[in-house]
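A short worksheet on the structure shown next.
The values are calculated or read from the model by the stated rules, or taken from the named source; none is laboratory data. Bear in mind that the values here come from a model prediction, so they are computed numbers and not experimental data. A quick note on method: Cβ atoms are made from the backbone with ideal geometry, for glycine too, and the neighbour counts reach across all protein chains shown. Side chains are part of the model used for accessible areas, which takes the heavy atoms of the whole protein and leaves out ligands, DNA and RNA. Shrake-Rupley method; radii C 1.70, N 1.55, O 1.52, S 1.80 Å.
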Amino acid sequence: METRELRYFVAVAEELHFGRAAQRLAIAQPPLSRAIQQLERRLGVMLLHRNTRAISLTEAGQVLLVEARAALEAVEAAQRRTRRAAAERPGIVLATKGGASSELLSRLLDAYAGESGAVDVEVVLCGPREQEGMLRDGRADVALLQRPYDATAGFDTEDLYTEQQVLVLPAGHPLAHRAHISTAEVKVLIDLPMPRWPRPDGSYCDGPGPRVRDHTQLFQLIALGRVCAFVPESLRASLRDDLVTVRVPDAPAVTTVIAWPPLSRSQAVADLVRIATGFSSAQSV
């Protein structure tokens with residue numbers, strides 16, 4: 001299969017309309033139809049159900065859509081990392097969520113700067129779940145992720161530290177004085193909705209809570225009494241004076257990990273991982 005054919009197929013599979021897919025690809029519709037038919041003949045399977053009204057994906061087509069997206073991401077990632085390695089001043093890109101793991105990040109960058117042969121590290125502060133996408137498509141070489149918020153499947157990872165979550169409430173809330181609260185009590189006693197964070201594809205799940213793009217927006221909405229939220233305990237230090245936190249002992253713990261592509265051969269990435277895991281080992285001792 002050629003990458004061109006995969007791009008054609010992804011466009012058709014996402015649009016479920018040859019005309020719209022052709023317009024998106026800036027090509028005529030007949031060659032697009034021929035390319036999909038040729039791909040089906042080469043694979044020996046039917047990828048699309050066609051009728052006079054609409055098209056839909058077969059089971060085989062659904063599988064190829066997932067695999068094609070991953071393959072195209074891998075090709076784009078290879079191109080980006082290759083160009084970065086060939087730059088006049090080679091460097092690496094580290095992606096992390098804005099406001100998260102700030103102490104670890106500062107220590108990590110300071111320690112790495114003292115390494116012989118250290119290269120420039122560009123730090124990209126991301127919104128929720130953005131760093132995962134950057135690592136997959138090659139815009140980043142290494143990332144700090146947080147389970148269970150971020151997906152780590154397909155990456156090599158090392159756990160760095162685990163922390164509990166706290167509930168953030170407006171300072172004037174009737175339960176703001178509580179020392180701790182259970183997740184069951186949150187559902188029954190708290191009359192504020194939870195925020196809706198974007199999915200990796202940019203869409204939002206259904207629900208009564210407001211859409212939230214970053215922690216600055218989240219904390220503003222909490223202060224206004226429009227929402228409450230679970231956050232990692234380390235974010236306490238960056239909270240505003242008009243917000244309070246309540247411990248939630250039975251909430252799922254959050255684990256910060258350092259992640260990188262499994263095929264990475266970057267010495268800089270290897271050095272960053274080594275230093276980060278050294279911090280983790282010292283902390284556990």
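Worth pointing out:
- Qualifying residue in segment 24-35 (condition: at pLDDT 90 or above and under 27 Å from the mean Cα position of the chain (by Cα)): yes
- GLY133 closer than 30 Å to GLU14 by Cβ, among the small types (Gly, Ala, Ser) and in a helix (DSSP H, G or I): yes
- Yes/no for THR256 being under 28 Å from ASP156 (Cα atoms), assigned to a helix (DSSP H, G or I) and open to solvent by less than 40 Å² (accessible area, probe 1.4 Å): no
- So LEU108, is it at pLDDT 90 or above, assigned to a helix (DSSP H, G or I) and open to solvent by less than 60 Å² (accessible area, probe 1.4 Å): yes
- The criterion of being under 29 Å from ASP242 (Cα atoms), open to solvent by 10 Å² or more (accessible area, probe 1.4 Å) and either touching a Pro at 6+ places or on another chain (Cβ under 7 Å) or of a type in the set (A, V, I, L, M) (or both) does not hold for ALA153.
- So LEU6, is it in contact with a strand residue (DSSP E or B) (Cβ under 8 Å, 6 or more places away or on another chain) and surrounded by 14 or more Cβ atoms within 10 Å (Cβ to Cβ): no
- Condition met for VAL168 (part of a strand (DSSP E or B), farther than 20 Å from GLU103 by Cα and of a type in the set (A, V, I, L, M, F, W, C)): yes
- Per-region count, segment 41-91, residues farther than 27 Å from ARG139 by Cβ, open to solvent by 40 Å² or more (accessible area, probe 1.4 Å) and either in contact with a Lys or Arg (Cβ under 7 Å, 6 or more places away or on another chain) or not in a helix (DSSP H, G or I) (or both): 10
- Yes/no for ILE36 being surrounded by fewer than 16 Cβ atoms within 10 Å (Cβ to Cβ), β-branched (Val, Ile, Thr) and closer than 25 Å to GLU76 by Cβ: no
- Of all residues making up segment 97-150, the number that are touching a Ser or Thr at 6+ places or on another chain (Cβ under 9 Å) and under 19 Å from LEU239 (Cβ atoms): 10
- Matching residues, segment 187-243, being buried (at least 19 other Cβ atoms within 10 Å of the Cβ), part of a helix (DSSP H, G or I) and β-branched (Val, Ile, Thr): ILE222
- Any hit, segment 182-201, residues being under 22 Å from GLY98 (Cβ atoms) and without any contact (Cβ under 8 Å) to a residue 12 or more places away in the chain: yes
- A residue that is surrounded by fewer than 16 Cβ atoms within 10 Å (Cβ to Cβ), touching an Asp or Glu at 6+ places or on another chain (Cβ under 8 Å) and part of a helix (DSSP H, G or I) occurs somewhere in segment 266-285.
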